[in-house]
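Derivation of every value follows stated rules applied to the coordinates shown; laboratory data play no part. Computed from a prediction, not measured in an experiment: that's the story for all the values here. Here Cβ is always computed from backbone atoms with ideal geometry, including for glycine, and neighbour counts include all displayed protein chains.
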DNA sequence: CGGCGTACATAACAAGTGTTAGGTATCTAC
DNA sequence: GTAGATACCTAACACTTGTTATGTACGCCG
């Protein structure tokens with residue numbers, strides 16, 4: 001069983017190329033050739049690591065989720081509203097990588113809405129995100145920093161606010177500077193305080 | 001100068017076909033052939049009314065905006081918070097047509113992020129939407145139904161909340177029933193009341 | 001009725017698509 | 001050193017893509 005190259009590492013190289021293509025061209029521009037030339041190789045290499053384009057897309061989406069998770073700064077040491085604010089701010093396009101990730105994310109919604117399998121994946125991803133936010137919301141409610149009521153509703157509303165802000169910021173980064181995004185988030189959370 | 005067919009009417013037929021394709025396949029599936037077969041014609045007809053695919057895309061986006069505007073129910077007789085709630089609720093995917101429009105809308109963000117010209121159009125569209133909401137927000141502030149402060153910030157936040165809700169509802173219509181969407185909107189506005 | 005310009009079908013085009021099949025080099029294991 | 005498996009390139013495949021040119025039918029104006 002030969003192992004002249006590190007299979008996993010090489011696969012990550014392909015991943016990186018996929019990512020770069022997505023960040024610049026969006027899902028509409030994701031082709032095997034684009035990925036191949038991006039890493040100075042041929043389609044043969046790409047298909048060697050990913051059996052089909054569908055597999056490549058799925059992988060790209062997993063990648064986006066993973067990157068999102070590691071982008072969001074640690075909320076260790078924080079709890080309640082402060083942790084929540086940190087968690088939400090971490091999703092915003094406040095730096096080049098955050099912008100990149102969100103571009104990929106938003107751009108994926110086209111394929112995700114058209115393809116049932118991807119649709120299901122995206123739906124599950126949203127669910128997971130809300131589940132991760134929920135305990136923070138509940139803490140904030142206990143601290144009387146957020147109004148009482150169904151925490152699931154609050155989580156959904158906050159997720160909505162955040163992603164809606166992401167989209168607007170992507171299309172008009174000038175009007176939605178980093179400072180303003182954070183200000184909007186902060187003000188929004190304060191306005192909700194009972 | 002012959003006029004055996006109503007040029008404008010025929011053009012609208014093409015429009016309708018474009019729309020049906022977008023609603024089912026998204027922008028990724030928008031091709032001249034798809035439009036042509038959708039209306040039982042050939043690519044020759046399509047190109048006769050739209051010189052290029054880019055023109056077709058631009059037209060499709062204008063169509064989406066027009067449909068959105070006529071979808072939103074009249075807010076005549078209403079003012080302030082009530083009008084605002086109505087205006088925002090009108091954007092939500094609460095019926096088949098609303099769902100269709102939003103699907104097209106969200107799906108367009110892929111191409112819109114990748115193409116500079118479309119990017120500019122989308123940015124302008126967002127700006128127009130916020131401008132239309134602004135007077136309602138200001139009225140609501142005067143009525144003390146919304147907290148004081150920069151109205152532009154409030155508008156952006158409400159637009160964010162609404163569109164973020166749209167996206168979540170598109171991906172999980174079961175979890176975001178019509179009733180719940182309206183409930184979330186109502187609760188959200190109430191929570192903002194000073 | 002003859003000419004002209006519009007409306008569209010037909011069809012070809014070059015380019016780009018995902019997928020698949022050899023082919024070759026190179027390493028490991030014996 | 002030989003056998004076998006992996007890594008990757010080359011190249012072809014069958015389509016699909018947007019665009020363009022050609023042909024034809026047909027209503028209007030003179």
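Observations
- Positions within the range B:55-82 being under 21 Å from residue B:10 (Cβ atoms) and without any contact (Cβ under 8 Å) to a residue 12 or more places away in the chain, in sequence order: B:55, B:62, B:66
- In summary, residue A:27 fulfils each of the numbered conditions (1) touching a residue at least 40 places away in the same chain (Cβ under 8 Å); (2) away from DNA strand D (no atom under 16 Å from the Cβ) with the single exception of condition (2).
Each row is one residue, and each column tells you yes or no for (1) assigned to a helix (DSSP H, G or I); (2) in contact with a helix residue (DSSP H, G or I) (Cβ under 7 Å, 6 or more places away or on another chain); (3) within 16 Å of residue A:128 (Cα to Cα).
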position: A:45; (1), (2), (3): yes, yes, no
position: A:54; (1), (2), (3): yes, no, no
position: A:66; (1), (2), (3): yes, no, yes
position: A:82; (1), (2), (3): yes, no, no
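- Residue in the range A:5-20 that is within 14 Å of chain B (Cβ to nearest Cβ), more than 10 Å from DNA strand D (Cβ to nearest atom) and under 22 Å from residue B:29 (Cα atoms) present: no
- Within the range B:151-194, the set of residues being surrounded by 14 or more Cβ atoms within 10 Å (Cβ to Cβ) and part of a loop (DSSP other than H, G, I, E, B) comprises B:172, B:173, B:175, B:176.
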